[in-house]
Amino acid sequence: MLKYLANYQDHFGPLRLFDYASTRVVMAAITSFIAMMLVMPPLIRWLKRKKFGETGAKGDGAHIVDAMRDSKKGTPTMGGLGLVACIVLAVILWCDPGEYRTWLMLFGLISFAVVGFLDDRTKIFKGAKGTPLWVKLSIQIGAALACGIALYLINEHYFHLLIDTDQLQIQDRPAGTPPEFYKKHFPHDPPGVVYTVRLAVHQLVFPLMKVEYGISLGIFSIVWVVLVMTSCANGVNFTDGMDGLAAGTMFIAALAFMVIAYVTSRVDTADYLKILFVPASQEVAVFCAAVAGACLGFLWFNCAPAEVFMGDTGSQALGGALGLMALNTMQEFLLALVGFIFVIEAGSVALQIASYRLRGGKRIFLCAPLHHHFQYKGWPESKIVLRFWIVAALAALIALATLKLH
């Protein structure tokens, strides 16, 4: 919204500073953090009055995990309501409302928050393990399908907009490249600067390979969006099992994608790194900053011993948003590094289930998700969380380093 006002700098001179993406990135993070510090205390008190708390042990045979859950019984959950609200506030204030990606990111965040909210309500009021899997997965797929269609149309819009309007200015194309690659001439200082624009449309690019070898998914990119978003939502959901684990890991992932989104939004840096240029992805960078600031603020109340849990409302919302961060920067495969903890947590659950069913009840891990495995090995919760954060940070740094490797 403030970016919109900055366009009228003749009337709002000081606001012209908000026209810079770097300024809006910083302000979005600060805004969401401060909002969290103001919103969470009254929200925690309200959740306590309503008795929206953890139900304790699930009684599924995991005795050590059940003992941990019993010790946290009654701690308010659904803190994700405040998390999502503060992200939305920061995005509305600092993202450009004229860019389609702004509204796509908000829709993805809110729609997956609704999925988690329904699950949390079922757990609290019906004393069950949550919404049936097929119901939850159906709603996730529906929300992700809507995001996939929207993202397909957005990418088509920018492709036709940029290629059609710049057609008369194109003097030549890089030899042997797809039609969406062209040379952009900048008349500003220094004169004669030319950048090769590798325009992101529907390509699926692979790590350590030139983007020229990417696969154009076309209409099938919608299916790819559904797969990525549902996987991310469930990965973050599995990780949300210890004080500060999901929020801290998501903080690191959001910072990494903030950097990725910023460099993909600029023709010069995208050309230098030889990655895809994604129009309007600076708004994704601002969104990532808002998520990072909100997660940092949530950690203030969620660090051990936690005063509140984000619940599925928060974890589903953050997972869906993480998927959209990767999809809107055309760096989906970097999720394996940026979201390394989420990947191994979800992978541990899948491997455990497969082993149990295919090997006659034999297990690979002492308990899944993976953080509970280390808990069974005697690691204290605080050590598990801190070490997972360290691994997440190292993996994110490696992911950023691979941007230049082709």
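Filtered by the rule that a residue be touching a Ser or Thr at 6+ places or on another chain (Cβ under 7 Å) and farther than 22 Å from Asn234 by Cα, the stretch 362-406 gives a lone residue, Lys362.
This table checks each residue for (1) among the hydrophobic types (A, V, I, L, M, F, W, C); (2) under 15 Å from the mean Cα position of the chain (by Cα); (3) modelled with pLDDT of 95 or more.
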residue	(1), (2), (3)
Ile260	yes, yes, yes
Thr264	no, no, yes
Ala270	yes, no, no
Ala280	yes, no, no
Val284	yes, yes, yes
Phe287	yes, yes, yes
Ala292	yes, yes, yes
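Among the residues of the stretch 244-263, just one is surrounded by 24 or more Cβ atoms within 10 Å (Cβ to Cβ) and either hydroxyl-bearing (Ser, Thr, Tyr) or more than 24 Å from Leu400 (Cβ to Cβ) (or both), namely Thr249. Of all residue pairs spaced 6 or more apart or on separate chains, those with beta-carbon atoms under 6 Å, a first member in the stretch 313-324 that is under 12 Å from Phe287 (Cβ atoms) and a second member that is open to solvent by 10 Å² or more (accessible area, probe 1.4 Å) and in a helix (DSSP H, G or I) are Leu322/Cys232.
For residues in the stretch 233-268 being part of a helix (DSSP H, G or I) and touching a strand residue (DSSP E or B) at 6+ places or on another chain (Cβ under 9 Å), which is nearest to Gly311 (Cα to Cα)? Once the filter is applied, the top-ranked residue is Thr264.
Thr55 falls short on exactly one of the conditions (1) part of a loop (DSSP other than H, G, I, E, B); (2) modelled with pLDDT of 85 or more, and that condition is (2). Condition first: within 17 Å of Ser315 (Cβ to Cβ) and of a type in the set (Ser, Thr, Tyr). Now tell me which residues in the stretch 345-387 satisfy that. Within the stretch 345-387, Ser348 is the sole residue that qualifies.
Taking the stretch 89-140, which residues are open to solvent by less than 40 Å² (accessible area, probe 1.4 Å), part of a helix (DSSP H, G or I) and under 24 Å from Met37 (Cβ atoms)? Listed by number, the residues that qualify are Ala90, Val91, Trp94, Met105, Leu106, Leu109, Ala113, Gly116, Asp120. Exactly one residue out of Ala368, Ala336 is open to solvent by 10 Å² or more (accessible area, probe 1.4 Å), within 20 Å of Leu204 (Cβ to Cβ) and among the small types (Gly, Ala, Ser), and it is Ala336. For the stretch 371-385, filtering for residues that are surrounded by 15 or more Cβ atoms within 10 Å (Cβ to Cβ) and of a type outside the set (D, E, K, R) leaves 7.
Looking at the stretch 304-329, which of its residues are more than 13 Å from the chain's Cα centre (by Cα) and crowded, with 24+ Cβ neighbours inside 10 Å? Break it down into steps so the answer makes sense when it comes.
Of all residues in the stretch 304-329, those more than 13 Å from the chain's Cα centre (by Cα) come to 304-313.
If the condition is that a residue be more than 13 Å from the chain's Cα centre (by Cα) and crowded, with 24+ Cβ neighbours inside 10 Å, then Val308, Phe309, Met310, Gly311, Asp312, Thr313 are the ones that fit.
Of all the criteria given as (1) open to solvent by 10 Å² or more (accessible area, probe 1.4 Å); (2) more than 26 Å from Ile141 (Cβ to Cβ); (3) in contact (Cβ under 8 Å) with a residue 60 or more places away in the chain; (4) not aromatic (Phe, Trp, Tyr), the one not satisfied by His63 is (3). Determine which member of the set Leu334, Leu394, Leu366 is aliphatic (A, V, I, L, M) and closer than 30 Å to Gly53 by Cα. Only one candidate qualifies: Leu366. For Gly360, work out the one condition from (1) over 28 Å from Thr402 (Cα atoms); (2) within 21 Å of the chain's Cα centre (by Cα); (3) open to solvent by 20 Å² or more (accessible area, probe 1.4 Å) it doesn't fulfil. Among (1) over 28 Å from Thr402 (Cα atoms); (2) within 21 Å of the chain's Cα centre (by Cα); (3) open to solvent by 20 Å² or more (accessible area, probe 1.4 Å), Gly360 violates only (2). Val228 fulfils the conditions (1) at pLDDT 95 or above; (2) within 28 Å of Ile139 (Cα to Cα); (3) crowded, with 24+ Cβ neighbours inside 10 Å; (4) within 14 Å of the chain's Cα centre (by Cα) except for a single criterion, (3). Mind checking whether some residue in the stretch 270-283 is open to solvent by 10 Å² or more (accessible area, probe 1.4 Å) and over 23 Å from Leu161 (Cα atoms)? Yes: one or more hits.
The values are calculated or read from the model by the stated rules, or taken from the named source; none is laboratory data. Keep in mind that this is a model prediction, so the values were computed, not measured. Cβ: placed from backbone, ideal geometry, glycine included. Neighbour counts: every protein chain shown. To get the accessible areas, we keep the full protein, side chains included, count just its heavy atoms, and leave off ligands, DNA and RNA. Shrake-Rupley method; radii C 1.70, N 1.55, O 1.52, S 1.80 Å.
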